[in-house]
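One structure is given below, encoded as structure tokens.
The values are calculated or read from the model by the stated rules, or taken from the named source; none is laboratory data. Predicted model only: the values in this text are computed from it and were never measured. Positions of Cβ are backbone-derived with ideal geometry, glycine not excepted, and every protein chain shown enters the neighbour counts. Ligands, DNA and RNA are stripped out before the accessible areas are found, and what is left, the full protein with its side chains, is counted by its heavy atoms. Shrake-Rupley method; radii C 1.70, N 1.55, O 1.52, S 1.80 Å.
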Amino acid sequence: MSNTIVRLILSTVTIAALIGAIFFAIATVRLKNFKYSLLTFLRSFIVALLGSSAGFFLGWLWYKWTLKTDPSFSNPNLSGLSQGIMAGYLITVWLFCVQTGTILGGIWGGVRGLKYYQTRSKRT
């Protein structure tokens, strides 16, 4: 279990950094200001990590709710293969929530950062 969580954290940070790097490149071309480009990257990266935290929490809530409400998870007569398939299903949906939160958070943070620093650079 510990190895899975480490991989989840590493993949989340990698995806957040890649999305931030894309927005860094876009901001460098559009804003022509290294400082604002770096700030756009940081905003995208931080919001992506916040999005992954929100996705983790939503996935955890869904996981707990499914375990309590679905009677097949409390059936002790299931074979090992059936239990493995159900556990894989739960983990897959949970990981989907985390990665979706990361991607959407990174995109939202990058777009908002671009808009903010674009209007800020016009004022100065």
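Taken as a whole, the structure places SER52 among residues that are over 30 Å from LYS122 (Cα atoms), among the hydroxyl-bearing types (Ser, Thr, Tyr) and in contact with a helix residue (DSSP H, G or I) (Cβ under 6 Å, 6 or more places away or on another chain). Applying the selection to the stretch 7-58, what residues are surrounded by 22 or more Cβ atoms within 10 Å (Cβ to Cβ), small (Gly, Ala, Ser) and within 14 Å of the chain's Cα centre (by Cα)? Once the filter is applied, which keeps residues that are surrounded by 22 or more Cβ atoms within 10 Å (Cβ to Cβ), small (Gly, Ala, Ser) and within 14 Å of the chain's Cα centre (by Cα), the stretch 7-58 yields ALA16, GLY20, SER44, ALA48, GLY51, SER52, GLY55. Scanning the stretch 81-107 for residues that are open to solvent by 60 Å² or more (accessible area, probe 1.4 Å) and not aromatic (Phe, Trp, Tyr) turns up LEU81, GLN83, ILE85, ILE91, THR92, LEU95, ILE103, LEU104, ILE107.
Every residue, every condition in (1) without any contact (Cβ under 8 Å) to a residue 60 or more places away in the chain; (2) closer than 30 Å to LEU38 by Cβ; (3) in contact with a Cys (Cβ under 8 Å, 6 or more places away or on another chain); (4) assigned to a helix (DSSP H, G or I), yes or no:
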position: SER82; (1), (2), (3), (4): yes, no, no, yes
position: GLY88; (1), (2), (3), (4): yes, no, no, yes
position: THR100; (1), (2), (3), (4): yes, yes, no, yes
position: ILE107; (1), (2), (3), (4): no, yes, no, yes
position: GLY110; (1), (2), (3), (4): no, yes, no, yes
position: LEU114; (1), (2), (3), (4): no, yes, no, yes
position: TYR117; (1), (2), (3), (4): no, yes, no, yes
position: LYS122; (1), (2), (3), (4): yes, yes, no, yes
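Could you check the stretch 33-55 and list, in sequence order, the residues that are without any contact (Cβ under 8 Å) to a residue 24 or more places away in the chain and basic (Lys, Arg)? Correct list: LYS35 only. Restricted to the stretch 69-80, and to residues there that are surrounded by 12 or more Cβ atoms within 10 Å (Cβ to Cβ) and outside any helix (DSSP H, G or I), the residue that is modelled with the highest pLDDT is ASP70.
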